[in-house]
Structures are given as C-alpha cells and as structure tokens.
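Here's the structure, in structure tokens; my notes come after.
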Amino acid sequence: MASPFDAPIPGQSLTDEPGNAPWEKPAQYDTVEDVSKYYIERLADPDVMDDLAVLFGSGLTMKPFVSSLVASGAMQGVHTVDAGMLVSPVIAKFVSVAMDTYGIKVKDEALSKADKSTDREKKRVQLALKLALADAMDSGKTAENDTGVALMQQMQDTQATPEDLPVVEEQAPMETQQPAAPKGAGLMARGV
C-alpha cells in the first residue's frame, strides 16, 4: 500500500516541470496492433495466467479488470488512453478464452444499476487484487520471481489514489474564551 507521504501535494502538477510524468511523454507503443501485441505477450505468460485464474476464480468480472489494466498501462506511458480503449475488447476476449482453458467462466454481464458505480467497481478490483496477491505471497511468489505478481502489484499501485490513503486528522487548536463584557457595557468596554 502506498504511504500517505508519497501522495502528490495539491497543485503539484501545476508546479512540476512539464514532461516529467510518463503520460506526458510520447507513448511507448503508438498503434493499436502494437498495444494489443504488448498485452497479449504480457498476459500469455503462464505465471500471469495462474494469478489471473485466482483473480477470476474469486468472482472478478472482466470489465473492471480490463479497465484497470488499460489505465495502468496509460499511466505508465506504455500507450495512449484512446489506444487502450480500442484494445480493451481484444484483451477481454483473450483473457476470457484463456480462462476457459482453466475451466473458469469469466462473468462479463452488463452491470446492474447497483453496480454501475465506478467506486464499487474500483473497490471490487482492489479487493480481488489483495486476495490474489495474498494467495501468491503465501505460495512464496514475489514481484521479482513471478511476472504475475509484478503485474498485479503494478495494477494495485495505479488503483491507489490520494482518497484511498489513510487520512491523518489534525487536531484543531483550542479556542480561548474571551472574558464576558460587563453588563451594560458596549463593544469597546472589553479592553482589547
């Protein structure tokens, strides 16, 4: 989990040097074919597929997974947002077919009115990622020795926003009571 001290300061993006963030630079892949090839090669790794089987086996649906994966890639400067949107159906189909080989039917139904909230989707993805990462860590897998764990940690890091970080409440200074004005005296009788 990200530290609250790693969160950006409000207005920081307005004072930083332009071009420092990965998404402010030209994308690593600029065509839809290159982006889809990047994701398919990355997701086809057996370590990644094993970890995705845990994710989807726990009930995660396709839409939040793909949108989280694509947002992560765009934030890291791998591709543009529009290329990610165009390649999303390809990723969804690839993962769906791959999970069928594991005997897992990935839910991709239309969201009900109660599930249309992006906050609810985001929380669902975060919980599924935490569960899958905990399962992987119990098996002795780390980001250094397993590409699936590295992918899930990358997705989890991009899911955290400053609103998700713990808030440290500051104590308000104690207010001092002014002595009451003598009866019948006006505003200026207090003696400032």
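The values are calculated or read from the model by the stated rules, or taken from the named source; none is laboratory data. All figures in this text were calculated on a predicted structure; none of them were measured in a lab. Every residue, glycine among them, receives a Cβ derived from its backbone with ideal geometry; neighbour counts consider all protein chains shown.
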Out of all the residues in the range 29-64, which are over 26 Å from K123 (Cα atoms) and of a type in the set (S, T, N, Q)?
T31, S36
Collect the residues in the range 122-140 that are free of Cβ contacts under 8 Å to residues at least 40 places away in the same chain, under 21 Å from A44 (Cβ atoms) and buried (at least 16 other Cβ atoms within 10 Å of the Cβ), keeping them in residue-number order.
L133
For the range 116-168, give me each residue that is modelled with pLDDT of 70 or more, over 18 Å from G57 (Cα atoms) and among the small types (G, A, S).
G140, A143, A150
Of the conditions (1) modelled with pLDDT of 90 or more; (2) more than 17 Å from A128 (Cα to Cα), V95 satisfies every one except a single condition; which number is it?
(2)
